[in-house]
Amino acid sequence: MTRRSIGIIVNGVTGRMGYRQHLVRSLLALREQGGLALDDGTRIWPEPILVGRDETRLRAVAERHGLTDWTTDLTAALARDDAEIYFDAQVTQQREKAIRQAIDAGKHIYTEKPLAESSAGAWELVRAADAAGIRTGVVQDKLFLPGLRKLKRLIDGGFFGRILSVRGEFGYWVFEGDWQPAQRPSWNYRAEDGGGIVMDMFPHWQYVLEELFAPVRAVTCVAATHVPQRVDEAGRPYPATADDAAYGIFELDGGIIAALNSSWTTRVHRDELVEFHVDGTEGSAVAGLRRCRVQHRAVTPKPVWNPDLPATEDFRAQWTEVPDNEEFDNGFKVQWEAFLRHVVTGSPFTWDFLAGARGVQLAELGLRSAREGRRVEVPELSR
Ligand SMILES: NC(=O)c1ccc[n+]([C@@H]2O[C@H](COP(=O)([O-])OP(=O)(O)OC[C@H]3O[C@@H](n4cnc5c(N)ncnc54)[C@H](O)[C@@H]3O)[C@@H](O)[C@H]2O)c1
């Protein structure tokens with residue numbers, strides 16, 4: 001067995017995503033399984049180079065996992081020949097600058113979403129990466145959720161007939177931080193620090209809608225800051241200047257209408273933190289993170305509107321669970337595996353910087369729609 005080591009700079013490794021999903025659940029999980037096997041028997045072996053701002057926290061992460069390669073000097077890490085990939089899970093606002101530096105250093109680049117803070121910035125990165133001839137990738141983890149994989153299977157199998165509409169609910173209550181600590185970092189609630197739910201969630205909705213259903217051609221969005229004051233990690237009150245809820249209508253090719261609510265200011269009365277309800281002429285489905293339930297045309301009951309009587313039917317019980325029929329691995333890890341194969345063998349990888357730029361574009365146009373109070377068309381973004 002040949003082992004192919006690959007140095008990966010992991011920047012932002014002390015953050016929620018960088019640590020849990022990317023370092024522990026993806027790169028270290030790959031090492032635990034003996035590396036990533038290629039068809040010729042070679043095993044790709046990730047060698048993380050941890051990068052961050054705080055020496056104490058970096059050392060703590062490294063020691064917890066028996067790692068020794070860490071530094072607070074990004075420039076020095078980028079100068080190393082054995083570092084082939086730069087990965088970015090920093091706060092969004094720091095991303096563009098760091099990616100630019102990594103492009104100049106000739107590294108292949110994988111990054112959390114959103115790729116940049118603006119379409120113009122994202123497009124610049126697409127161009128610079130193309131010119132440098134490097135391989136790029138942007139995290140699109142929701143595509144690999146078991147619930148959405150099962151939904152995709154239904155679509156590919158023709159279950160829905162003609163798809164009419166998608167209704168999505170994403171969200172939960174994020175504590176304000178006063179009498180209970182907030183469960184998300186405070187920068188998310190400050191526009192000046194790159195926060196806001198539109199910039200956070202619309203990049204996800206863009207690839208989910210396009211890959212499962214059809215490209216988005218127009219967006220209408222109302223964004224709100226329902227909770228105007230929050231308390232940060234240090235217990236200091238701050239004005240919440242970013243949108244914490246977004247009510248979006250997306251018009252897709254083929255006449256499909258998607259209405260997706262995203263909110264950090266709603267209390268959950270659902271089975272999962274995100275759910276998509278898809279209606280088609282032949283059947284409907286409700287897909288969440290893990291589950292997917294269906295109701296076919298042939299078994300659709302006929303409710304009759306009568307507000308004078310209590311509901312007699314158990315509507316939820318009228319749906320059938322879609323079986324897994326396969327094992328679903330962690331979505332972040334699955335995408336890492338595809339990206340590592342892409343870098344080492346040149347195998348196809350569709351979720352590149354251009355795909356990431358489409359997500360930023362939809363978020364930017366969503367914000368414009370909200371600001372100007374109107375429907376905004378989404379121009380095709382291609383090279
Ligand atoms: N794919 C997903 O589902 C998903 C979910 C949440 C967040 N994200 C994305 O991941 C990125 C990180 O989000 P997170 O929730 O892990 O955030 P976080 O605040 O937990 O972590 C941010 C990281 O950036 C570092 N950092 C670098 N410069 C900084 C600065 N000037 N100020 C503050 N921190 C700085 C921090 O040290 C930390 O390691 C964001 O771009 C976010 O959009 C993606």
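The values are calculated or read from the model by the stated rules, or taken from the named source; none is laboratory data. Note that the structure is a prediction, hence the values are computed from the model and not measured. Cβ sites come from the backbone with ideal geometry, for glycine too, and all protein chains shown count toward neighbours. Note: areas computed on protein heavy atoms with side chains; ligands, DNA, RNA excluded. Shrake-Rupley method; radii C 1.70, N 1.55, O 1.52, S 1.80 Å.
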Between residues in the stretch 193-209 that are on the phi > 0 side of the Ramachandran plot and residues that are within 9 Å of the ligand (Cβ to nearest atom), which pairs lie under 8 Å by C-beta distance while being six or more apart or on different chains?
Gly194/Val91; Gly194/Thr92; Gly194/Gln93; Gly194/Trp187; Gly196/Asn188
Any idea which of Ala259, Ala245 is hydrophobic (A, V, I, L, M, F, W, C) and open to solvent by less than 10 Å² (accessible area, probe 1.4 Å)?
Ala245
Could you please give the count of residues in the stretch 12-24 that are open to solvent by 10 Å² or more (accessible area, probe 1.4 Å) and closer than 17 Å to Ala60 by Cα?
8
Among the residues of the stretch 133-151, are any open to solvent by 30 Å² or more (accessible area, probe 1.4 Å) and without any contact (Cβ under 8 Å) to a residue 12 or more places away in the chain?
yes
Closer than 27 Å to Gly194 by Cβ, within 9 Å of the ligand (Cβ to nearest atom) and out of contact with any Gly (no Cβ under 8 Å at 6 or more places or on another chain) - does that describe any residue in the stretch 76-88?
no
Quick one: in the stretch 97-132, which of the residues that are within 11 Å of the ligand (Cβ to nearest atom) and not basic (Lys, Arg) is surrounded by the fewest Cβ atoms within 10 Å (Cβ to Cβ)?
Glu117
Taking the stretch 258-289 and keeping residues more than 18 Å from Met201 (Cβ to Cβ) and in a strand (DSSP E or B) leaves Val278, Asp279, Gly280, Gly283, Ser284, Ala285, Val286
Count of residues meeting criterion [within 12 Å of the ligand (Cβ to nearest atom), surrounded by fewer than 19 Cβ atoms within 10 Å (Cβ to Cβ) and of a type in the set (A, V, I, L, M, F, W, C)] in the stretch 172-224:
2
If Gly356 satisfies all but one of (1) out of contact with any Ser or Thr (no Cβ under 8 Å at 6 or more places or on another chain); (2) open to solvent by less than 90 Å² (accessible area, probe 1.4 Å); (3) in a helix (DSSP H, G or I); (4) over 25 Å from His269 (Cα atoms), what's the number of the condition it fails?
(1)
Can you name the residue in the stretch 7-24 that is part of a helix (DSSP H, G or I) and either of a type in the set (Lys, Arg) or at positive phi (or both) and is also farthest from the ligand (Cβ to nearest atom) among such residues?
Arg20
Counted residues, the stretch 25-58 - those being open to solvent by 30 Å² or more (accessible area, probe 1.4 Å), assigned to a helix (DSSP H, G or I) and either within 21 Å of Asp82 (Cα to Cα) or within 14 Å of the ligand (Cβ to nearest atom) (or both):
5
So which residues in the stretch 294-330 are within 22 Å of Phe159 (Cβ to Cβ), hydroxyl-bearing (Ser, Thr, Tyr) and open to solvent by 80 Å² or more (accessible area, probe 1.4 Å)?
Thr320
Within the stretch 110-217, considering only helices (runs of 4 or more DSSP H) that don't extend past its boundaries, which have at least 2 residues that are closer than 22 Å to Gly254 by Cβ?
146-156, 197-212
Tally time: how many residues in the stretch 294-345 are outside any loop (DSSP other than H, G, I, E, B), farther than 30 Å from Thr136 by Cβ and among the polar types (S, T, N, Q)?
3
